[in-house]
Amino acid sequence: MRAYQTMVASDGYEVMLFPLEYMYISQDEGGSYSHQGTLSMDFLGWDANGRVLLCPYYAPCTCKLVYKSTSGAYNIFDSVNPVHTPSGLQNVCFMVAHDNTLPFNIGDIVQQGDLLGHTGTAGNVTGDHVHFNFAEGVYQGWQTVSSGQTQLVGSSHMYDACYI
């Protein structure tokens, strides 16, 4: 049973969707704290009544877990197939961080719209949230930017990866 939106285009490929029901940005790309020089974004859990701790987020496309940190603080998923993004039809990789409850193992496939995880406090955080970093193509590792922060190789703006 799907808990969130799914969308398939007329050519049969999925449309990459924003993974939260509400958008409440707590740190934007290039933010002054841990995002200096990166294309990463942080979001607080939010709903019609305000702040939500351990807020659910959903698979923006059918994806496979390809990397899981030993601490569980961050996890990387690849789209199983090319997906429609605002930048065109392509494979997408994305990292989610700070989820204390992510139940998946490397190789597990999550269907678009299914529960992917919850905002959390795993890793180096100042409070409950979820951190996203999207990249074009499949997972190819990390790159260090001039500020010393890291992001996925091939990182792209979230608004070039997801339809909102």
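The values are calculated or read from the model by the stated rules, or taken from the named source; none is laboratory data. Because the structure is a prediction, the values reported are computed rather than measured. Every residue, glycine among them, receives a Cβ derived from its backbone with ideal geometry; neighbour counts consider all protein chains shown. When the accessible area is computed, the model is the full protein with side chains, heavy atoms only, and any ligands, DNA or RNA have been set aside. Shrake-Rupley method; radii C 1.70, N 1.55, O 1.52, S 1.80 Å.
The residue of region 1-52 that is farthest from G117 (Cα to Cα), among those that are assigned to a loop (DSSP other than H, G, I, E, B) and acidic (D, E), is D11. Among the residues of region 61-73, those identified as part of a loop (DSSP other than H, G, I, E, B) and surrounded by fewer than 17 Cβ atoms within 10 Å (Cβ to Cβ) are S69, T70, S71, G72.
In region 84-105, the count of residues that are over 21 Å from T38 (Cβ atoms) and open to solvent by less than 10 Å² (accessible area, probe 1.4 Å) is zero.
Of all residues in region 48-60, those satisfying the criterion of being closer than 16 Å to T101 by Cα, open to solvent by 10 Å² or more (accessible area, probe 1.4 Å) and of a type in the set (A, V, I, L, M) are V52, L53, L54. Within the bounds of region 127-136, is there any residue that is open to solvent by 50 Å² or more (accessible area, probe 1.4 Å) and part of a loop (DSSP other than H, G, I, E, B)? No.
Criterion applied to G31, G45, G12 was being open to solvent by less than 20 Å² (accessible area, probe 1.4 Å) and over 22 Å from F104 (Cα atoms), and the one residue passing it is G31.
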